[in-house]
Amino acid sequence: MSDCLFCKIIAGEIPSSKVYEDDLVLAFRDIAPQAPTHILVIPKAHISSVSAINGENSAVVAHIFEVIAKVAAQEGLTGGYRVVSNCGDHAGQTVHHLHFHILGGRQLTLEMA
Ligand code: 5GP
Ligand code: ZN
């Protein structure tokens with residue numbers, strides 16, 4: 001998707017602070033962190049949101065959750081962390097490329113972050 005911010009990050013057209021990368025997935029630090037550790041994990045293939053996950057593309061989502069566990073351990077989030085994916089307008093999704101926020105490093109409230 002030529003006009004997608006996260007596709008541009010994957011392509012290296014926009015710089016990011018990468019914490020993990022493989023053939024299918026990229027994890028990088030959020031530009032506006034809401035917690036001491038705030039990382040985004042995204043599939044390299046463009047999927048617009050959770051609502052676009054289906055039988056054809058869901059394998060990467062399982063892989064993303066393996067990566068989330070690995071990255072959380074790498075970041076030392078032994079006290080726990082939250083995984084969030086905003087889907088659509090009511091959730092406040094601002095980038096329409098599937099992403100999972102990893103939030104940790106402080107006691108989180110019941111608010112999103
Ligand atoms: P959403 O609001 O769609 O759930 O999350 C989008 C996230 O992307 C936000 O937390 C926002 O701070 C982050 N973000 C937006 N633009 C950039 C960018 O250019 N680089 C990085 N690293 N994060 C970004
Ligand atoms: Zn994209």
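Observations on the model:
- Search result, residues across segment 71-87 that are more than 10 Å from ligand 1 (Cβ to nearest atom) and either over 14 Å from A35 (Cβ atoms) or in contact (Cβ under 8 Å) with a residue 24 or more places away in the chain (or both): V71, A72, A73, Q74, E75, L77, T78, G79, G80, Y81, R82
- Inter-residue pairs, beta-carbon under 7 Å, first in a loop (DSSP other than H, G, I, E, B) and in segment 1-13, second basic (K, R) and more than 7 Å from ligand 2 (Cβ to nearest atom), 6+ apart: none
- Selection within segment 92-109 - open to solvent by 10 Å² or more (accessible area, probe 1.4 Å), more than 10 Å from ligand 1 (Cβ to nearest atom) and not hydroxyl-bearing (S, T, Y): G105, R106, Q107, L108
- Number of the exception - A45 against (1) under 15 Å from the mean Cα position of the chain (by Cα); (2) within 13 Å of ligand 1 (Cβ to nearest atom); (3) in a loop (DSSP other than H, G, I, E, B): (2)
- Given (1) within 15 Å of ligand 1 (Cβ to nearest atom); (2) within 14 Å of V83 (Cα to Cα); (3) open to solvent by 40 Å² or more (accessible area, probe 1.4 Å), number of the condition A27 does not satisfy: (3)
- Checked against (1) assigned to a helix (DSSP H, G or I); (2) away from ligand 1 (no atom under 16 Å from the Cβ); (3) surrounded by 10 or more Cβ atoms within 10 Å (Cβ to Cβ), I68 passes all but condition (2).
The values are calculated or read from the model by the stated rules, or taken from the named source; none is laboratory data. All figures in this text were calculated on a predicted structure; none of them were measured in a lab. Methodologically, a virtual Cβ is constructed for each residue, glycine included, from the backbone with ideal geometry; neighbour enumeration extends over all protein chains shown. These accessible areas exclude ligands, DNA and RNA; they are computed on the full protein's heavy atoms, side chains included. Shrake-Rupley method; radii C 1.70, N 1.55, O 1.52, S 1.80 Å.
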